[in-house]
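Below is the structure I would like to discuss, written out as structure tokens.
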Amino acid sequence: MWRRHSIAARKASGDAAKSRIYSIIWKKIQMAAKNWADPKMNPALEMVLEKARYNWLPRDVIDRAILKGSGQLEWEDMKEVIYEWYWPNGSAFLIKTITSNTNRTSSDIKTILTKWGGAMAEMGAVAWQFQEKWLIVIDWLSEKYEDKWRQMEKVNPFNDEEVEMAMMDLAITDVSVEDWVAEVYTTKTDFLTVRKQIEDLWYHITEADLHYFADNTITLEGHDLEVFNNLLDKLNDNDDVDHVYHNVNLD
């Protein structure tokens, strides 16, 4: 249940415009850089920079975001805001946004949701139906080698059974492999340790972050499913929306 939800979310994200992906990562870098501009001293910044490199953000864009976030350029106070919302057919949403203008973002999100029906919920009214899960996503196996005194890296696809067996030796709660992507779930306590152990095994991490997964899902059909998918597209098109979590079964 959890894995299907996250895979669908990543595919939706992959279909989004590159400019929107850049925008979200740009904001995440700024938000992380508020604590420390040096990624070696700031694990949160190090993780988002890895995501930036994976999505081919230009180096000058990354550097400018770090300078803005750390206050060395004109500063924007980026914040994470989560909206909770109910739809009449029983679906529930957690909408995670990153913004420097909460009034604008709140107005935009409410406008989208109001158009499609439903109602905003009080803080915690929807969140209790979701579990926090620390997710690490792996997409290939790295091989380091020397070539004319230069350190080189070769990318290899991993064997599904081998990666599952390797992960079982770590402090994880679940692992799944689908379409040459491995998802590893762990607890908040073990997250940093497991992440480091996966890196030491030379697996390439494309994402390492906290996500929310519904305890129970519902199934939509016909018109309701069509409206739901349209709403999901509208939310994901918003430049301030990072992730949309919901309790709808998309299998």
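Restricting region 28-85 to residues that are in a helix (DSSP H, G or I) and of a type in the set (Asp, Glu), which is farthest from Trp128 (Cα to Cα)? Give the steps one after another, and end with the answer.
To start, the set of residues in region 28-85 that are in a helix (DSSP H, G or I) comprises 28-33, 39-41, 43-54, 59-69.
So of that shortlist, the ones also of a type in the set (Asp, Glu) come out as 46, 50, 60, 63.
Values: Glu46: 30, Glu50: 31, Asp60: 41, Asp63: 38 Å.
Looking at the filtered set, the residue picked out is Asp60.
Specify the residue that is nearest to the chain's Cα centre (by Cα); the eligible residues are those in region 31-40 that are without any contact (Cβ under 8 Å) to a residue 60 or more places away in the chain and either buried (at least 24 other Cβ atoms within 10 Å of the Cβ) or under 16 Å from Gln72 (Cβ atoms) (or both).
Ala32
Trp134 versus (1) surrounded by fewer than 19 Cβ atoms within 10 Å (Cβ to Cβ); (2) touching a Lys or Arg at 6+ places or on another chain (Cβ under 9 Å); (3) aromatic (Phe, Trp, Tyr); (4) modelled with pLDDT of 90 or more: which is the lone unmet condition?
It fails just one condition, (1).
One line per residue, one yes/no per condition, for (1) in the same structural domain as Asp242 (by TED's automatic domain parsing); (2) touching a residue at least 60 places away in the same chain (Cβ under 8 Å); (3) out of contact with any strand residue (DSSP E or B) (no Cβ under 9 Å at 6 or more places or on another chain):
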site: Ala125; (1), (2), (3): yes, no, no
site: Arg150; (1), (2), (3): no, no, yes
site: Glu161; (1), (2), (3): no, no, no
site: Ala166; (1), (2), (3): no, no, no
site: Leu170; (1), (2), (3): no, no, no
site: Thr173; (1), (2), (3): no, no, no
site: Ala182; (1), (2), (3): no, no, no
site: Lys188; (1), (2), (3): no, no, no
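Scan region 162-184 for residues that are assigned to a helix (DSSP H, G or I) and within 16 Å of Trp140 (Cβ to Cβ) and jot them down. Steps first, answer last, please.
Going through region 162-184, the residues assigned to a helix (DSSP H, G or I) turn out to be 162-168.
Within region 162-184, Glu162, Val163, Glu164, Ala166, Met167 qualify.
From the residues in region 190-206 that are farther than 20 Å from Arg53 by Cβ and buried (at least 17 other Cβ atoms within 10 Å of the Cβ), which one is modelled with the lowest pLDDT?
From region 190-206, those farther than 20 Å from Arg53 by Cβ are 190-191, 193-194, 197; that's our starting set.
Adding the requirement that they be buried (at least 17 other Cβ atoms within 10 Å of the Cβ) leaves 191, 194, 197.
Working: Phe191: 91, Val194: 94, Gln197: 94.
Checking each candidate, the answer is Phe191.
Continuing with the same structure: If Asn89 passes every condition in (1) touching a Phe, Trp or Tyr at 6+ places or on another chain (Cβ under 6 Å); (2) surrounded by 15 or more Cβ atoms within 10 Å (Cβ to Cβ); (3) modelled with pLDDT under 90 but one, which one does it miss?
(1)
The values are calculated or read from the model by the stated rules, or taken from the named source; none is laboratory data. Computed from a predicted structure; not experimentally measured. All Cβ positions, even for glycine, are placed from backbone atoms using ideal geometry, and neighbour counts span all protein chains on display.
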